[in-house]
Amino acid sequence: MKWIKIFADLKIARETIPHNNSKLVIIGEKRICLSNINDAFYAIQDLCPHSGHSLSQGKINYLNEVVCPLHGYRFSLKDGQEGDHKCKDVQTYRVKVDEEGLFIFV
């Protein structure tokens, strides 16, 4: 596993993924939903374990969860847990931001 650079700096990351939004990032064969909440970035597995739908197309709710647009399953951006325990949790990935850019550990 290693740190993969996604954005050159925080400004570009904020412009690409505005507050309370998500974007699909593909690293190798991994599909990752990268989300921005108040300039804190979170990375979780993009595919919903219930239906396989892309979580990066979902909305972020007031609990800082991504809501799957297909059936409404909710996944915490902090720990990947499904809010109602109706399906499997999603994998999370560590994110770091420093003077060299924004990175995801995969």
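Could you please find all residues in the stretch 1-29 being touching a helix residue (DSSP H, G or I) at 6+ places or on another chain (Cβ under 7 Å) and farther than 14 Å from G101 by Cα?
So in the stretch 1-29, the residues touching a helix residue (DSSP H, G or I) at 6+ places or on another chain (Cβ under 7 Å) come out as 7, 22-24.
Residues satisfying the conditions are S22, K23, L24.
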**Message:** Looking at (1) touching a residue at least 12 places away in the same chain (Cβ under 8 Å); (2) under 14 Å from V97 (Cβ atoms); (3) surrounded by fewer than 19 Cβ atoms within 10 Å (Cβ to Cβ), which one does Y42 not meet, given that it meets all the others?
**Reply:** (3)
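Within the stretch 53-69, track down each residue that is under 15 Å from A43 (Cβ atoms) and touching a Gly at 6+ places or on another chain (Cβ under 7 Å).
Taking the stretch 53-69 and keeping what is under 15 Å from A43 (Cβ atoms), we get 54-56, 58, 60, 64-66.
Within the stretch 53-69, E65, V66 qualify.
Regarding R31, is this residue among the basic types (K, R), surrounded by 12 or more Cβ atoms within 10 Å (Cβ to Cβ) and farther than 22 Å from Q81 by Cα? Spell out how you get there, then give the answer.
Numbers: among the basic types (K, R): yes; surrounded by 12 or more Cβ atoms within 10 Å (Cβ to Cβ): yes; farther than 22 Å from Q81 by Cα: no.
No: the conditions fail for R31.
Counting only residues that are assigned to a loop (DSSP other than H, G, I, E, B) and buried (at least 20 other Cβ atoms within 10 Å of the Cβ), how many does the stretch 45-60 have? Outline the logic, then answer.
Step one: of the stretch 45-60, the residues assigned to a loop (DSSP other than H, G, I, E, B) are 46, 48-53, 58.
Subsequent filtering for residues that are buried (at least 20 other Cβ atoms within 10 Å of the Cβ) retains 46, 48, 58.
Number satisfying all stated conditions: 3.
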**Message:** Exactly one condition in (1) basic (K, R); (2) more than 11 Å from the chain's Cα centre (by Cα); (3) in a strand (DSSP E or B) is false for K86; which is it?
**Reply:** (3)
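Every residue in the stretch 6-28 that is in a strand (DSSP E or B) and surrounded by 12 or more Cβ atoms within 10 Å (Cβ to Cβ), please. Walk me through how you get there before you give the answer.
Start the filter on the stretch 6-28 by keeping residues that are in a strand (DSSP E or B), which leaves 6-7, 21-27.
Within the stretch 6-28, I6, F7, N21, S22, K23, L24, V25, I27 meet the criteria.
The numbers here are math on the coordinates, done by the rules we state, and not lab data. Computed from a predicted structure; not experimentally measured. For neighbour counting, all protein chains shown are included, and Cβ atoms are generated from backbone atoms with ideal geometry for every residue, glycine included.
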